[in-house]
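To start, the structure itself, in structure tokens.
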Amino acid sequence: MMKKERGGATQGIDRTTLRLAIFALCIMVAFVALFSRLWYLQVLAAPDYRRLAKENRVRFVKSEPLRGRIVDRNGVVLVENRTATAVTIDRQIVDTPRETRIVLRRLARVLGEKRWLLRQRLKSELVSPYKPVPVAENVPVKARDHILENQEDFFGAVDIDKIPSRRYPKGHSAPHILGYVGEISEQMLKEPRFSDARPSYEPGDIVGRAGLEYEYDNFIRGVPALSKMIVNSTGEVLSEIEVREESAGNDLVLYLDYGIQELAEEALKAGVFANRGRYPTPAGGVVVMDPNTGGILGMASFPDYDPRILADGLTQKEYNKLGAKTKGNPDDDAFLFRPIQAQRAPASTFKIVTAGAAMAADVASPSTVLDCPGAKPYPPPGRTDVGSAEIFNNWTDFDFGLMGFPESLEVSCDTFYYELGWRLEDSSGASVFGEPNRGEEHFQRYARLTGMGHDTGIDLPNELSGRLPDWDWCREIWRATKDDKIPTCGTKDGPVWYPGETINMSIGQGALTTTPLQMAVATSAIANGGAVMQPRVAMQVGRPDEDDVEHPVRTFEPHEVARLPLDETELSVIRQGMVDVVAGSQGTARTAFSGFPVSTFPIAGKTGTSELGDVGPTANLQDAWFVSYAPADDPQYVVVVYLEKSGHGGESAAPIAREIYEGLFGIDSSLDVRLGQDASG
Amino acid sequence: MGLSWEGMFGEAVDRIGGQPISARMARKAPIRHLDPTLLLVTLILTAYGAVVVLSVTIHRLPPETNPNLYLIRQVLFAAAGMGILVAMSFVDYRHFRALAPFVYIATVVGLVAVLTPLGEVAGGARRWISFGAFQAQPSELAKVAVIVVLAAYLSERRGEVRAIDVLFCCVTVAIPAVLIFLEPDLGTMMVFVALTAGLLLVGGAKIRHFLALGGVGIVAIAMVLQLGVLQDYQVQRITAFLDPEPDPQSVGYNLVQAEIAIASGGLRGKGMELEPSTERRDPTWGLPAGHVPDAPVERTQTALDFVPEQHTDFIFTAVGEQLGFVGSATLLGLFAFLIWRAVRIAALSKDMFGTLLATGVASLWAFQLFVNIGMTMGIMPITGIPLPFVSYGGSSLITNYIAVGLLLNVHMRRFL
């Protein structure tokens, strides 16, 4: 404590001590005040304040930004925005059951809508509780005026709002490719592409739900404006601050050419109806692709739908109706996008793959000559180590005699390709029946390289990858069917690879399935000198509302996925064969292209006719295929046509391709000349 | 002697004024009489503050910056303060008496400079002078200068304070105080008033002096309010705590939010998060998906930016919310200890100058922490006063280290 000092200072210092004590007392009072307040707040009143903290919230409300447009390679606008007039109800104002009932009753009368429907929409949990809920769209002017003039009838909660919506200036065009928008679903919110995106997606956001709208949503969605709202415990908005300004989404520029797309759609539709006189022909697909870049110039699917009916939302019932007009019949599914989702046997069009595989595996060379009898047994006589022989028939009994690769494609000789299939199988080391050594799989490996058995990587959602029968597939399918009476791909004892599977595959039959797009990629690789390109619909992302194609935000460069192990001579015999298919005297597509100026615009093609069996509803029906590229000497276009349950490839599919080439090269002629009979395998 | 190394280490001194030193004198060597607890509690408070600053700033920095930026800077400031503290302790505090007028004039020049275009404007007030990467706040340093000047003057009176002395003190304080008021920084100006009151009380002013000063003060406040010298927002801030409103754009709203933050911390608090979250969130998108209504958000008040200036003036709200009553009471306890040491040093001082220096420092801290913590708990008006040692800020931290340096100095040399 205080130390007494000498002399006269003593009294002064004592007084100082007293004053210090008073000073200290003041400070103590202050501390006591602070402590008591702290005790009150954090101990006595803490539960109340915890509740306050919980109720006390900042709410963030987003507004939908303007989505980017989708334009074709020439700047033709395919999708843009419009504003739809919607009737909205503010749930913050109408918050009692009684008021809700009154408002809904009056609104239902004015709009002529079902009351329960309005109620259901009002209850939507996908709209923020702080945003007015749209309950009806595109209302008549009279109803709109009535609502605006009689605000008090609706407690001031009903309003007319403009909400952004998609518009399709070109109408019924490329619906599957463009896709449609809608509110994001719970399931989509969990997908990495949405859950990892920044700014994040939230329930109620309008997103692309299919096609390019889905695939490129992050680029074209724009950045929504964000408002920070301060709300009190009753949910009343006390103030609103804009945290972030809205910025419009970027435009998506496509490889797609609107003119070619129209051409493809119309040619397909006309072709389907032309075939319907003789065959069911329920569906089909067309791919037009640039073989050099992999850019998709046009892709048509039949049947399709009008994207405009989806723009304003679709009920489940309407959706179902579009999905299958006849219940349980996928043929009518308008949502199935055939070019990337139809998985069918490619039949003889696959011979361009078999030929490449045989030369790549050195079981054949460009100068190989084989015979073409009406039937051949496999395994060949004398090979007892791979089980008993089976007879494989050509599509005709006629014996064509010896031929090289070009002629084998021109006449589509099956027995020629059975031999290649057998050689490929034999060289892969699978000759010991029952104990397959599937290590090599020359054929399957080459087929995989050229795009079979896996997706092509096109920038569209839900692409299917077909089926490439190989040992892995065999074991899997055996495991799945081993308890059946007759297991697939094996016996009760275990999976068995039958060499016949490979032999069937050599003519594009058996378990093999591909999509039209996969065939387009394989055809492109033959046409462009061996590059397996990744197909792409979108070329670049451009700035919104600027036609500045020179300075895109982002460009998607052509991507070479793989390169075929074939040299020019090897490729040229396949190409020559494909030219002869169209222009040769025995060509399977000769009739379809009769009168076509092939000397000016040489076309290289291959027909395919996939047998659908001899019994049942599809008896004597075929899937018709035609794969092609042109001009043959400088390929600019690959055109693949596929028709379901129709006639022969040369008869049903090739005319559609011709129609498209006529459009592409500006040739004028009429359709009926080439609907003659033609047979191909 | 205090100016030499020998002054610190008595053993090396063999004679004072020509006379050999005795063993008893040697024991009086200043370093032997250091107050280690004062130094320790200073360091603990600094560390406590630095951690809280980190917890508040770590989630708010833009992703490309170092998440520990504020922590690193605060530690650097503390190191600088410690350096000055050590340097100061070599000098006998009695030498500061002679330096006082110069320090005072330098401070006034600095405060004038702030008001010229040399000063940096931030948040509508000119409070800083920029030296390259650092800004100094002369008003902080002015606090110490005024303590030294008043202590020097009043110690001359040896407890016999006349009205003229009170007037002199008031004028001396008024010059920097008015300059600070012009910045405008009402809070710091109030600190000067409190300092003066504390020093006059201990220095020996009579009751009638205080009554007179109180009267003048009331008239002055009435005139200020009447003449509209204060900006509207200043009046609002001062009066808001009397009747806080939940209007989010009002000052009262901050107050309510601060109170909610502290009180919702409860006994143990909601805990601290000192690692940058794996997904660096910006404050707007940082919210969980959905439009939030019922998404559970811990530490809402801190995390959702409900409280403004949380790393500086409102740092106590972060303490309250994250560490609860346990943490807040501990902090108050540390401050109580600190101020007790200051008052004890005032009492132990060998001379009046030392007593008044320590008194000044004690009243500086006591007032600042009372107003600062009081404001966050809704019992004092909102003013921009930092919490000593805890709030983020270099000038404030260094000033407080200088104040600790003064206390240690007085304590070390209480026998000399």
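The values are calculated or read from the model by the stated rules, or taken from the named source; none is laboratory data. Quantities reported herein were computed from a predicted structural model and do not represent experimental measurements. All Cβ positions, even for glycine, are placed from backbone atoms using ideal geometry, and neighbour counts span all protein chains on display.
General observations
- Single residue of the range B:352-378 satisfying the filter (of a type in the set (V, I, T) and more than 8 Å from every other protein chain (Cβ to nearest Cβ)) that is farthest from B:F314 (Cα to Cα): B:V361
- As a summary of the residue check, A:T100 satisfies the conditions (1) closer than 30 Å to A:G222 by Cβ; (2) of a type in the set (S, T, N, Q); (3) at pLDDT 80 or above except for the one numbered (1).
- Residue in the range A:191-208 that is crowded, with 16+ Cβ neighbours inside 10 Å, away from every other protein chain (no Cβ under 14 Å), touching a residue at least 12 places away in the same chain (Cβ under 8 Å) and not in a strand (DSSP E or B) present: no
- Looking across the range A:463-499 at every residue that is surrounded by 19 or more Cβ atoms within 10 Å (Cβ to Cβ) and small (G, A, S), the one that is farthest from A:A345 (Cα to Cα) is identified as A:G490.
- Only one of the listed residues (A:E80, A:E64) is closer than 25 Å to A:D217 by Cα and at pLDDT 80 or above. That residue is A:E80.
- Scope the range A:617-626; condition modelled with pLDDT under 85 and over 18 Å from A:A511 (Cβ atoms); matching residues: A:P617, A:A619, A:N620, A:L621
- Positions within the range A:1-32 being more than 9 Å from chain B (Cβ to nearest Cβ), assigned to a helix (DSSP H, G or I) and modelled with pLDDT under 90, in sequence order: A:T10, A:D14, A:L18
- Residue match in the range B:38-56 (condition: modelled with pLDDT of 70 or more, part of a loop (DSSP other than H, G, I, E, B) and in the same structural domain as B:V144 (by TED's automatic domain parsing)): no
Per-residue answers, yes or no, for (1) charged (D, E, K, R); (2) in the same structural domain as B:S130 (by TED's automatic domain parsing); (3) in a loop (DSSP other than H, G, I, E, B):
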| position | (1), (2), (3) |
| --- | --- |
| B:R341 | yes, yes, no |
| B:F353 | no, yes, no |
| B:L369 | no, yes, no |
| B:M375 | no, yes, no |
| B:P388 | no, yes, yes |
| B:T399 | no, yes, no |
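- Among residues of the range B:70-82 that are within 14 Å of B:A136 (Cβ to Cβ), those with a beta-carbon under 7 Å from a residue that is assigned to a helix (DSSP H, G or I) at least six positions away or on a different chain give the pairs B:F77/B:G394; B:F77/B:L397; B:F77/B:I398; B:A80/B:I398; B:G81/B:L397; B:G81/B:I398; B:G81/B:Y401.
- Within the range B:141-171, restricting attention to residues that are farther than 23 Å from B:F102 by Cβ and of a type in the set (D, E, K, R), the residue that is surrounded by the most Cβ atoms within 10 Å (Cβ to Cβ) is B:R158.
- Of the residues making up the range A:251-280, those that are among the hydroxyl-bearing types (S, T, Y) and either in a strand (DSSP E or B) or more than 24 Å from A:Y629 (Cα to Cα) (or both) number 1.
- Taking the numbered list (1) more than 15 Å from B:F335 (Cα to Cα); (2) facing another protein chain (nearest Cβ under 7 Å) in turn, A:F35 passes all entries but (1).
- A:K131 meets the conditions (1) away from chain B (no Cβ under 14 Å); (2) closer than 26 Å to A:G68 by Cβ in every case but one. The failed one is (1).
- Some residue of the range B:224-233 being in a helix (DSSP H, G or I), within 14 Å of another protein chain (Cβ to nearest Cβ) and modelled with pLDDT of 70 or more: no
- Residue tally, condition among the β-branched types (V, I, T), crowded, with 19+ Cβ neighbours inside 10 Å and more than 21 Å from B:S363 (Cβ to Cβ), over the range A:16-45: 0
- Matching residues in the range B:340-351 - criterion: being buried (at least 22 other Cβ atoms within 10 Å of the Cβ) and either more than 7 Å from every other protein chain (Cβ to nearest Cβ) or within 28 Å of B:L186 (Cα to Cα) (or both): B:R341, B:A342, B:V343, B:I345, B:S349
- B:E275 over 23 Å from A:S227 (Cβ atoms), among the acidic types (D, E) and modelled with pLDDT under 85: yes
- Test: residue in the range A:474-483 that is at positive phi and in contact with a Ser or Thr (Cβ under 7 Å, 6 or more places away or on another chain): no
- Taking the range B:66-120 as the range and being farther than 21 Å from B:T355 by Cα, of a type in the set (S, T, Y) and not in a helix (DSSP H, G or I) as the test, only B:T116 passes.
- Per the listing A:F416, A:F392, the residue uniquely in the same structural domain as A:M519 (by TED's automatic domain parsing), in a helix (DSSP H, G or I) and among the hydrophobic types (A, V, I, L, M, F, W, C) is A:F416.
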